[in-house]
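Taking it in order: structure first as structure tokens, then the write-up.
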Amino acid sequence: LNLSALYYFLMSLLHYQNLNLKTVSALNQLQYHINTALQSRSPHRGIRNLSQCSYPSQERSQDEITEEKLLLGLIAWPDSPRRSAPFKWSTSPFTSSFFILNSRIQFRVGEQLEVMVRMYDFQGKAKQHGGDFLLARIHSPELKAGAVGKVVDHQNGFYSVYFVLLWAGVLRVSVTLVHPSEAVQVLKRLREERPDRVYFKSTFCSLDSFETTECNLCLPSSPRPLCNFTDPHTGEPWFCYKPKLLSCNTRVDHSKGGYLKHLLTGRESLFFQSKVNIKVPILAWGSDEVIVEPLDNKDQSKLERQTHHNTVKFSPAGFYYQDAWVSNTGLIQQFNNTSITECLQGKAVHLFGDSTVRQWFEYLTDFLPDLTQINLNSPQNVGPFLAVDSEHNILLKYRCHGPPIRFSKVLTSELHYIANELDNITGGKDVVVAFTIWSHFSTFPVQMYIRRLRHIRQAVLRLRARAPETLVVIRTANPQALDPEYSLYNSDWFSLQLDTVLRRMFQGLDVFLVDAWEMTMAHYLPHALHPPPVIVKNQIDVFLSHVCPIKHK
């Protein structure tokens, strides 16, 4: 309040003193910081519904409307029938348990394992509805082996988990409660009602004056005029509040403004507690281990007959064995610096997206001694970045995707949409494109993400049409470490929803996936937004195995 009073007192002086533009600019900057500080304390600021995130310019065809309905149906999540129930009635990982259904003395490699999970509340009463978010994997720590399982919600408090036994040895089952159903309902509400919970800002500058205003895909209703920065090629919307004194065309940068706080009621906050109901393991009722024996020829024939009769309920993308990823769809090579150079010789590699694909650029430039990074005077961790190996004719580029992006500061001249970048690539047999886009969309309604992927998909199809030999690779989302606050912005539940949409929208296209979701979840190391080097190394091995596949007769 004191800061606000100071601001209005200083502004009143304008009526009596001839303050210059620079002084007024400084006062406007003070007002922005005051408003931002006040905004972060208000849980009710700017609440709006999805319709206020939709702009008239975003017209859709009937096919696009139909596709969107199908995608939203694909990720539909069960509602909790008791939205105002007390915390003690919420799902508890401590009273819940799982047990192996088809437990027996011995299994064979390639057979299926089924696990049943029974959920209870904190009073020890059985849950009668679904909607909990569970993750599951099997692993052998001494073999550094692991694979994910498929969770099926029966919407009655029971969950089935299906695994394929992919290696011999003692395999242990792990089931984790990521969020109880009550927390997921809160996340659904935040996604629809509070897309502004991560906010952005831009600086407008002219001569010695500057102003900073708030920007976003969706801005709170206000009588203030807007600057419309909608991309003219893709139609992707982006808006900033217009500066008081400067014009819209004086915008010079984009950056993350911050995170809104105090988004939850007291009751809702109880559903987001570390070591209580965020990524807490569920213990087994009975043994959590099975012994798996190697496969012989007789067993192989039996498994082939089972597969033929469609008894396989789940097939993972691959598994780890001795810390190396083994794909179920193709041979994955283990690359060293020499073989990477041989693979990339004569190629141009374009990487687009967030910091999780920037890890690939950093890994390759650190790993390859002849790949020299060119100083473009780009901000650290932002880019764009460029590296070349002139002896082997290798070109490696990285560029972040367009807004929304939560980087510290990006010049407006470097805000490029992936679709536009793809349209500027000639393509060819020696051109490789890889992209990822997910993390920075977690706070927005899924429709915003569908629209962005649709533009990228159209650009991929245009690229493949003019240069069919161009290789396109997509890095998927991955689970990450969560705490009570981070869950509200980047929960794995948001990431899983977006990842499911991405996979379906690019299904059937001539593109390859690097399944970062499974490769992170199956590993024994803790989840992280930026996976550790051993996981990134395996991602690069999968990526390069698509770039330089082994030729079979």
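Can you find even one residue in region 148-158 that is in a strand (DSSP E or B), closer than 21 Å to Leu74 by Cβ and among the basic types (Lys, Arg)?
Within region 148-158 (the criterion being in a strand (DSSP E or B), closer than 21 Å to Leu74 by Cβ and among the basic types (Lys, Arg)), the answer is yes, since at least one residue qualifies.
Output the residue which, of all residues in region 128-159 that are free of Cβ contacts under 8 Å to residues at least 40 places away in the same chain and either touching a helix residue (DSSP H, G or I) at 6+ places or on another chain (Cβ under 8 Å) or more than 25 Å from Gln185 (Cβ to Cβ) (or both), is most open to solvent (accessible area, probe 1.4 Å).
So the residue we want is Glu142.
One line per residue, one yes/no per condition, for (1) surrounded by fewer than 21 Cβ atoms within 10 Å (Cβ to Cβ); (2) in contact (Cβ under 8 Å) with a residue 60 or more places away in the chain; (3) not in a strand (DSSP E or B):
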site	(1), (2), (3)
Gly124	yes, no, yes
Val161	no, yes, no
Arg172	yes, yes, no
Val175	no, yes, no
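Answer yes or no as to whether Asp510 is charged (D, E, K, R) and surrounded by fewer than 17 Cβ atoms within 10 Å (Cβ to Cβ).
yes
Quick check on this structure: which one of Ser255, Ser247 is loosely packed, with under 14 Cβ neighbours inside 10 Å and of a type in the set (S, T, N, Q)?
Being loosely packed, with under 14 Cβ neighbours inside 10 Å and of a type in the set (S, T, N, Q) holds for just one of Ser255, Ser247, which is Ser247.
Within region 185-239, take every residue that is closer than 30 Å to His129 by Cα and at pLDDT 95 or above and give me the one that is surrounded by the fewest Cβ atoms within 10 Å (Cβ to Cβ).
The selected residue is Arg189.
From the list Leu376, Leu386, which one is open to solvent by 20 Å² or more (accessible area, probe 1.4 Å) and either in a strand (DSSP E or B) or modelled with pLDDT of 95 or more (or both)?
Leu386
Would you pick out the residues in region 273-327 that are basic (Lys, Arg) and at pLDDT 65 or above?
The answer is Lys275, Lys279, Lys313.
Restricting to region 67-115, count the residues that are in a loop (DSSP other than H, G, I, E, B), surrounded by fewer than 18 Cβ atoms within 10 Å (Cβ to Cβ) and hydrophobic (A, V, I, L, M, F, W, C).
6
Taking region 460-507 only, how many residues are open to solvent by less than 10 Å² (accessible area, probe 1.4 Å), of a type outside the set (A, V, I, L, M, F, W, C) and either assigned to a loop (DSSP other than H, G, I, E, B) or modelled with pLDDT under 95 (or both)?
So the count comes out to 6.
Looking only at region 342-358, decide whether some residue is under 29 Å from Tyr259 (Cα atoms), open to solvent by less than 40 Å² (accessible area, probe 1.4 Å), assigned to a loop (DSSP other than H, G, I, E, B) and modelled with pLDDT under 95.
For region 342-358, residues under 29 Å from Tyr259 (Cα atoms), open to solvent by less than 40 Å² (accessible area, probe 1.4 Å), assigned to a loop (DSSP other than H, G, I, E, B) and modelled with pLDDT under 95: absent.
Report, ordered by the first and then the second residue, all pairs with beta carbons closer than 6 Å, sequence separation of six or more or different chains, a first member in region 262-277 that is closer than 18 Å to Ala481 by Cβ and touching a residue at least 60 places away in the same chain (Cβ under 8 Å), and a second member that is open to solvent by 40 Å² or more (accessible area, probe 1.4 Å) and not acidic (Asp, Glu).
Pairs that qualify, where the first residue is closer than 18 Å to Ala481 by Cβ and touching a residue at least 60 places away in the same chain (Cβ under 8 Å) and the partner is open to solvent by 40 Å² or more (accessible area, probe 1.4 Å) and not acidic (Asp, Glu), are Phe272/Pro484.
The values are calculated or read from the model by the stated rules, or taken from the named source; none is laboratory data. Keep in mind that what you see is a predicted model, and the values were worked out from it rather than measured. We place every Cβ from the backbone using ideal geometry, glycine too, and count neighbours over all the protein chains shown. Protein only, heavy atoms only, side chains kept; ligands, DNA and RNA dropped before computing areas. Shrake-Rupley method; radii C 1.70, N 1.55, O 1.52, S 1.80 Å.
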